[in-house]
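This report refers to the structure that appears directly beneath it.
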Amino acid sequence: MSPFQDIINSQNPARIRTNIRNATTGQVKALLETVSSGAVPRSEDISILVSPAAGELLEPMARLAKAVTLRRFGRTIQMYAPLYISNYCSNSCVYCGFNIHNKVNRRTSGPGEILSEARLIKNQHLSQLLLVSGECPAEAGLDLLEATSRDLKGMFPSLSIEVYPMDTPDYARLYQAGIDGLAIYQETYDQDLYSIVHPAGPKRDYQYRLGAPERGAAAGFRQIGLGSLLGLNDWRVESHYLMHHAAYLMKHHWKSQVSVSFPRLRPAAGGYSPEFPVSDQELVQMICAFRLMLPDAGLVLSTREPAELRDNLIGLGITKMSAGSKTAPGGYLDEQGQPAEGQFNVCDDRPVDEVARSIRSKGYDTVWKDWDQGFEKQP
Amino acid sequence: MLKPLIIAGREIRSRLFLGTGKFSSSAVMARALEASGAEIVTVALRRVEFDNPQDDIIAHIDQKKYLLLPNTSGARDAEEAVRIARLARAASGWNWLKLEVTPEPNYLLPDPVETLKAAEILIKEGFIVLPYINADPVLAKRLQEAGCAAVMPLGSPIGSGRGIKTADQIRIIIAQATVPVVVDAGLGLPSHICQAFELGADAVLLNTAVAAAQDPVQMARSFKLAVESSLAGLEAGPMSEGEAASASSPLTGFLR
């Protein structure tokens, strides 16, 4: 069991809700003062920044978030793209297009197809690649991921994965093969809700998933990405747990850089409609809150969000963006016939160069490359 | 007259070194470099596309004019730092190196053990090594013994702009130094530069203070002036600092 589970168990959900609900604008202002003086807030202060009271002070929060981001990251945005390898999945997550019960076109890309797609991505200057797959080890298991990363590592200075959770030795194999980052979202930290939205399949194991980030860090991954799927649960409460998870990892796995993503549920096959929709205003509050709590963490925004909102969030906490994304295996190939089903519908479908232009027009520079696998120890 | 700044046998014209990260574009970075008057310019090797001869950052730095001091930022241990340095030299022939081993990605504080280990290896391989270190006088001595061409103690964490919080330690490093001491990291304002030189630093290195300013080019110019002002003040021979006001007509004058 992850020691972080003990931290989760020690939390009192009723008190968390009360703290969030009862936070005052006076507390928010005092906390903003603390942050602007350069002091580091305590993890539990997240409750104040995600409170309804803080929502009333969004403008000063945003100003401070912008200043903090500028100091640590300068005027830059990192760029990446996902490459979906397979949409086969043995899980039945109620919100996901890859749900085993959805009657959709399934596909696992072969090595040749993956290479072709990778080249198309690389030709758009993207150098940070995220390999994504549903949970179906028989279709897209460790061997395929390992072979894929060996194939691609010469082409991409940085490779990450967003796949099913694994044990440390398996993560270590992928690290050795050239993967340097792991994204694995808990989806929701609420254990009861987790069981409801993951009714069957291996993903039902809340604890195993919860421990995945630290198993990945123990295997050596440089980047660990966390997130809650926004819309499943009250985002304010999720933020509290997510913050504690990030703080726990930073303390115990101090050589890995933690990043936080803000995936809002998008329409997908299966037609799930979010129980707790998160408005734009609330999303911005959450992003600003995490920036103020974690001045050094990468904050990631994908093409799930519309172009206009993404443009407006440049510099306001967000430091990393995907662009030109396709969310189905084979999605970049633009083939004739029946394409495979995507995980969700992309909202910002602008091509990469258009996103880059937009970033530059905001006075920010695009960072394509930020590491090089050649720098790593070779097995 | 101040003695010229000589690092590894090369006379360095400007005592202001500038970093190239965090700028809104390489064009702005190039203008800021120009305005700063810097000669030594650091570049994060992890951001350089070695397979691209038109790499955006490198293309904007005129290597006839500037001495490139590539850095190993992002290295988590000595082995990675050494690999980064070797790859960069193999690709581009760069021999000068700002050694950074920062395993902790948040405060980016340097690892003293791994830094020393890497320095020993790289110096044997012929690199000119300038290590980024915490303001630790004994570590500075160890690195000098290992053959480092300068030491670069931090004023406060990278990018914090908090100024020199390690003044007492830096003073000891300078007092004991046999190589130039470059105060690096944490400098946010022109006044911080003055403080560094008044402590006796040989040079300063800046990045965020310029790149994150509203007008980076203007800020680069202001830092250049701060360096000039500090050095002119030192050359002028400052008065000594007294405990209290001293009367122009001495009270014990009658004893003469």
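Amide H to amide H, with H built 1.01 Å from N, residue A:225 comes under 5 Å of A:182, A:183, A:184, A:259, counting only residues 5 or more places away or on other chains. Both radii come from the Cα set of region B:53-123: Rg as radius of gyration, Rh as Kirkwood radius; their ratio Rg/Rh reads 1.01. Inter-label distance, residue A:251 to residue B:176: 3.4 nm, where each label sits 7 Å from its Cα along the C-beta direction.
Dipole magnitude for chain A: about 740 debye, using +1 per Lys or Arg Cβ and -1 per Asp or Glu Cβ, origin at the Cα centre. By definition, a body whose alpha carbon gyration tensor gives a ≥ b ≥ c is oblate when a/c is 1.5 or more and a/b is not larger than b/c, and region A:1-99 fits this oblate description. Over all pairs of different C-alpha atoms, region B:10-236 has a mean inverse distance whose reciprocal, the Kirkwood radius, equals 17.3 Å. Once the chain from residue B:145 to residue B:2 is taken as fully extended at 0.36 nm per residue, the excess over their C-alpha distance is 49.0 nm. What is the list of residues in region A:35-55 whose amide nitrogen lies under 13 Å from a point 7 angstrom out from the Cα of residue A:7, following Cα to Cβ? What the label zone holds, given the 13 Å backbone N cut-off, is A:42-46.
For region A:228-276, a crude dipole built from +1 on the beta carbon of Lys and Arg and -1 on the beta carbon of Asp and Glu, taken about the Cα centre, is about 220 debye to the nearest 20.
Extending 7 Å from the Cα toward the beta-carbon at both residue B:86 and residue A:115 defines two label points whose distance is 2.8 nm.
A Förster radius of 30 Å combined with the Cβ-Cβ distance from residue A:25 to residue A:67 puts the calculated FRET efficiency at roughly 0.90. Going from the residue with the fewest nearby Cβ atoms within 10 Å to the one with the most, A:224, B:128 rank B:128, A:224.
Placing a label point 7 Å from the Cα of residue B:51 along the Cα-to-Cβ direction, no residue of region A:220-243 has its backbone N under 17 Å from that point.
Under 5 Å between amide hydrogens, built in the peptide plane, is the criterion, and for residue A:76 it picks out A:365 among residues at least 5 positions away or on other chains.
The dipole here belongs to region B:36-188: it is taken about the Cα centre, uses +1 on the Cβ of Lys and Arg and -1 on the Cβ of Asp and Glu, and is about 300 debye. With a simple spin-label model that places each label point 7 Å from the Cα along the Cα-to-Cβ direction, the separation between residue B:249 and residue B:95 comes to 6.6 nm.
We did not get these values from a lab; they are worked out from the coordinates using the rules stated. In this text, all values refer to a predicted model and were calculated from it rather than measured experimentally. Note that each Cβ is placed from the backbone with ideal geometry, even for glycine, and that neighbours are counted across all protein chains shown.
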